[in-house]
Amino acid sequence: MRASNLIYDGTFDGFLTCVFNVYEYKLEDVAIQKETAVQNLLFSDSETIITDTNKADRVWIGLKTKLSKASSFKVYYAFLSEKEDIEVLLLDFIKYAFKSAVPIDKDYANPTVLKVSQISKMVGREKHRMEAFVRFKLTKDQIYFANIEPDFNVLPLISKHFKSRYADQKWIIYDLKRHYGLYYDLQKVEIINLNFSDDFDPTKTSAEYFSDEEFEFQKLWQHYFKSTNIESRKNMNLHIRHVPKRYWKYLSEKQPN
Amino acid sequence: MSFERTQEKLKILADAAKYDVSCSSSGSNRKNTNKGLGDATGMGICHSYTEDGRCVSLLKILLTNHCIFDCAYCVTRKSNDIKRAAFKVQEVVDLTMNFYRRNYIEGLFLSSGIFKSADYTMERLVGVAKKLRLEENFNGYIHLKSIPGASDELMREAGLYADRLSVNIEIPTKSGLKLLAPDKNHDDFIKPMVKVKNEIIQYKAEKKIIRSTPKYAPAGQSTQMIIGASGENDFQIMQTSNHFYKNYNLKRVYYSGYVPISYDSRLPQIGTEVPMLRENRLYQTDWLMRFYGFDVNEILNANHQHLDLDIDPKLSWALRNLHCFPVDVNKADKRMLARIPGLGMKSVSKIIYARRYRKLNWEHLKKIGVALNRARYFMICDSNDFERRDLTASQIKNFILQNSTSKYTKTLSNQLNLFG
Ligand code: SF4
């Protein structure tokens with residue numbers, strides 16, 4: 001048995017295909033890398049895995065018989081963290097799940113189970129934050145537009161929430177870090193890529209792109225935010241713990257006016 | 001709409017509404033069924049936080065701060081010399097819709113000073129909710145204040161459009177209310193609560209028969225008490241609170257430390273510190289009652305009328321009841337686990353799950369997230385290393401206090417000085 005190094009396209013299905021191959025060929029000592037992250041490709045003994053949704057589905061369905069629905073989603077959440085070596089951690093988790101006769105969901109004293117649970121919780125927290133911190137601005141062509149730079153790749157997770165909440169308005173949520181976004185056209189949500197012109201500053205509301213009343217509502221909101229604060233209870237530490245500074249630049253209420 | 005004029009009103013009417021703390025928007029489930037705007041299912045979202053650390057999830061405003069009454073503890077009182085303003089119904093609707101569409105808020109929290117009469121005021125509050133639901137197809141969250149003294153008919157209508165209704169009892173005792181709000185009648189507060197409770201029960205019963213019965217105030221009702229304005233002790237406050245939970249099916253009682261806003265001699269003077277730590281201890285007690293299986297009398301009773309400020313109420317209870325400890329975490333039932341200081345309900349359920357796989361030792365417990373610096377004096381686990389000294393309550397308390405820094409340390413030393 002030799003050590004193997006699997007390279008995949010970075011998608012969840014791609015990862016599950018790798019897991020399939022690990023079982024199919026009884027691979028041991030496996031490393032799994034995204035193709036974008038691969039170094040020294042020429043020198044390592046590595047194999048490129050082509051994503052196969054059939055194989056991926058078989059792993060996923062198998063996993064769901066071993067775990068509760070919530071725990072299988074934990075695997076997906078943790079995957080979206082994009083953390084270094086997340087693939088190997090998840091592979092260990094999946095192996096443990098398949099091997100064990102009893103469901104392992106709640107075995108928090110096992111370090112792998114605990115770790116996956118912790119990472120998925122971090123991703124869940126980021127999802128929740130984005131659901132809260134997205135700030136739509138109305139563009140001249142009547143689309144509500146927001147940009148975000150989440151720590152983890154949470155767009156796939158927040159789609160449903162925004163679709164059911166904003167069913168009667170067109171909207172775009174764009175991940176500037178990962179260069180893709182979601183567009184809802186009143187019927188369905190699509191994945192889009194945008195080319196921003198060079199003078200586009202995502203932290204500003206330029207009159208060229210956004211509707212006139214947009215400024216007015218931002219101003220109203222900023223003033224509301226100020227008026228609703230109780231000065232004698234000010235507690236900046238608590239404030240920053242809830243709204244970490246890295247998110248401020250996209251929050252209308254945090255802009256200098 | 002004229003943005004400048006609205007701006008001015010918003011400033012005045014948000015400022016006047018901010019002392020009301022019941023900002024929670026959770027507990028409802030109004031689904032987006034008509035492809036309209038919004039839903040209020042599941043957890044409420046905090047879209048932002050004020051600099052005092054409170055969650056901003058609702059547009060919280062007064063419809064007007066004109067008021068015919070003169071309650072001493074209230075900024076809106078008739079005799080107070082402040083700027084007055086009033087929103088039109090449509091203005092509130094527009095603000096709500098536009099803030100909601102931009103994902104600033106979960107919905108609207110609308111309260112009001114009493115202008116002309118209770119019914120006249122309540123009618124306008126209901127008007128806003130009705131317009132949002134029927135004309136704008138708005139499915140977000142709406143919390144309306146019930147105006148004490150409003151008619152049954154209006155209360156019934158309010159419940160059809162609002163997710164939550166509340167009446168602020170404000171002052172925990174009848175005598176306090178008489179002193180500080182002479183225009184108000186204690187029964188006027190209770191009446192709308194009874195009404196809403198009866199409506200909820202009636203609607204629930206009907207719902208079993210007809211599936212399409214409209215939801216009546218699906219998130220239930222809540223109330224707020226001001227703490228530290230009229231001299232009540234913790235025992236009286238929690239007795240009142242318990243009474244409301246038990247008799248009126250309230251979802252939440254909120255405790256709001258009094259922020260001094262007047263030189264009225266009946267009240268704490270301007271500059272007096274807001275009793276934030278005490279407020280926090282009351283909330284902890286409230287949680288112990290609602291989620292940890294404590295009876296209010298175990299925590300506060302005739303012999304123990306004040307909550308300790310330096311330690312939390314669960315630890316305080318445990319120190320008074322050392323005969324119940326140590327608890328064996330590998331054997332104890334949920335009820336006893338929940339009583340160990342330093343163990344939250346989340347850790348309790350993790351322990352119950354994890355101990356099915358193996359006996360838990362200190363290392364496991366630490367990983368699960370148990371605050372061992374407090375918990376270790378009260379429990380044993382799968383280890384020979386446990387507290388063998390026969391410590392007294394005050395020794396344990398000292399050890400724990402030495403090893404912990406509270407976020408309230410500064411406030412604590414200030415507030416303790418009051419008693420020193
Ligand atoms: S009736 Fe309400 S708004 Fe008017 S003074 Fe009393 S507490 Fe304030």
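Laboratory data are not the source of any read-out in this text; all were calculated from the coordinates shown. Given the structure is predicted, the values throughout are model-derived calculations rather than measurements. FYI the Cβ positions are ideal-geometry reconstructions off the backbone, even for glycines, and counts take in every protein chain you see.
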Less than 18 Å apart at the alpha-carbon level, and either on another chain or at least 8 residues along: which aspartates and glutamates does that give for A:Lys204? A:Asp141, A:Glu149, A:Asp175, A:Asp212, A:Glu213, A:Glu214, A:Glu216, A:Glu253
Top of A:Tyr144, A:Tyr224, A:Tyr96 by mean-square fluctuation, Gaussian network on chain A, Cα under 10 Å: A:Tyr224
Would you tell me the mean number of C-beta atoms belonging to other protein chains that fall within 10 Å of each C-beta in A:213-220, as a whole number? 4
Reciprocal mean inverse distance between Cα atoms of segment B:313-419 - Kirkwood radius, Å: 14.8
Please report the equivalent ellipsoid semi-axes of chain A, computed as sqrt(5 x eigenvalue) of the Cα gyration tensor, largest first, in whole Å. 40, 22, 17
Pick from A:Leu220, A:Leu91, A:Leu157 the residue whose mean-square fluctuation is largest in a GNM of chain A, springs joining Cα atoms under 10 Å. A:Leu220
Anchor A:Lys83: lysines whose Cα lies under 18 Å away (excluding residues fewer than 8 positions away in-chain): A:Lys34, A:Lys74, A:Lys115, A:Lys121, A:Lys127, A:Lys177
What the 10 Å binned alpha carbon P(r) of segment A:3-126 shows, as percent of pairs per bin from 0, is 13, 46, 34, 7, 0
What trypsin sites (Lys or Arg not before Pro) does segment A:184-257 have in DSSP loop regions with at most 13 other beta carbons within 10 Å? A:Lys188, A:Lys204, A:Lys234
Given segment A:134-254 reduced to its alpha-carbon atoms as identical point scatterers, what log10 I(q)/I(0) does the Debye formula return at q = 0.13, 0.15, 0.16, 0.23 Å⁻¹? -0.60, -0.79, -0.89, -1.46
Do any trypsin sites (Lys or Arg not before Pro) in segment B:219-328 lie in a DSSP loop with no more than 13 other beta carbon atoms within 10 Å, and if so, which? B:Arg266
Relative contact order (%) - chain A, alpha-carbon pairs under 8 angstrom, separation at least six: 13
Cross-link reach list, aspartates and glutamates versus B:Lys331, counting only Cα pairs under 16 Å and skipping chain neighbours closer than eight places: B:Asp382
Give me the compactness ratio for segment A:113-186, meaning the Cα radius of gyration over 2.2 N^0.38 Å. 1.18
